[in-house]
Amino acid sequence: MQDAAVPGPAGHIPVRVYRPPTQGPVPTVVFFHGGGWLTGDLDSHDDVARRLCRDVEAVVVAVDYRLSPEHPFPAGYDDCLAAARHVADHIEDCGARPDRLALAGDSAGANLAAVVALDFRDERRPLAAQLLVYPATDFDGDYPSRTQNTTGYVLSHQDILDLQHLYAGDDPAVRSSARVSPLRADSHAGLAPAVIARTTG
């Protein structure tokens, strides 16, 4: 494990690089932590990144992007896109397999991974896969689950609304844009295959 930094739109972005014991070229996973765009960092998800590195036998690059409310959208998104582009452009320093680059994240991090995947498609950058763990994909959709599961879980419906407000504000044009709500992209054709996971219990 090694702490490093990559160039970003507002200065250097801290990253943490995990390498498997496997010899030779391996896949690379760029990982964005969850935390409602408000909390989380390299330490809070260190165990997740370590397990991903071990189980997938991949180099994992965890990204410490800027958080709201001090840095609302698009700051976190800009950091994640810049870090992913840097890894892709310097793949020889990571897993050294340009055909095996993936994006991953949980919750808010999965939202950012899905959005960056859209950009990679539009830029015609190779991307092998997405791993999205309970991703936030639509800020303003009217889904029954939002009221059916409003209490009794880690986050209430109001908590989710508050986190979304702190990250993306209240402008419908911003909240419904594909860079905030990737489910609302004009097309999902040509995206890297995605594994979408949810919690149970």
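The values are calculated or read from the model by the stated rules, or taken from the named source; none is laboratory data. Everything numeric here is computed off the predicted structure, so don't read it as measured data. A quick note on method: Cβ atoms are made from the backbone with ideal geometry, for glycine too, and the neighbour counts reach across all protein chains shown. The accessibility values were calculated without ligands, DNA or RNA, using every heavy atom of the protein model including side chains. Shrake-Rupley method; radii C 1.70, N 1.55, O 1.52, S 1.80 Å.
Residues checked against (1) touching a residue at least 24 places away in the same chain (Cβ under 8 Å); (2) basic (Lys, Arg); (3) part of a strand (DSSP E or B):
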position: Val29; (1), (2), (3): yes, no, yes
position: Gly36; (1), (2), (3): yes, no, no
position: Leu42; (1), (2), (3): yes, no, no
position: Asp47; (1), (2), (3): no, no, no
position: Arg50; (1), (2), (3): yes, yes, no
Would you point out the residue of the stretch 103-122, among those that are outside any helix (DSSP H, G or I) and of a type in the set (A, V, I, L, M), that is farthest from Ala82 (Cα to Cα)?
Ala104
Restricting attention to the stretch 6-20, does a residue exist that is closer than 22 Å to Thr137 by Cα and either in contact with a Ser or Thr (Cβ under 9 Å, 6 or more places away or on another chain) or not in a helix (DSSP H, G or I) (or both)?
no
Filtering the stretch 140-152 down to residues that are small (Gly, Ala, Ser), more than 19 Å from Leu112 (Cβ to Cβ) and assigned to a loop (DSSP other than H, G, I, E, B) yields Gly152
Enumeration of residues in the stretch 1-44 that are of a type in the set (Phe, Trp, Tyr) and either open to solvent by 50 Å² or more (accessible area, probe 1.4 Å) or within 14 Å of the chain's Cα centre (by Cα) (or both):
Phe31, Phe32, Trp37
Could we say that Asp99 is surrounded by fewer than 24 Cβ atoms within 10 Å (Cβ to Cβ) and part of a strand (DSSP E or B) here?
yes
Which one of these is in a loop (DSSP other than H, G, I, E, B), among the hydrophobic types (A, V, I, L, M, F, W, C) and modelled with pLDDT under 95: Leu155, Leu127, Leu161?
Leu155
Take the stretch 89-126 and flag every residue that is in contact with a Cys (Cβ under 9 Å, 6 or more places away or on another chain) and under 19 Å from Arg16 (Cβ atoms).
Leu101, Leu103, Gly105, Gly109, Leu112, Ala113, Val116
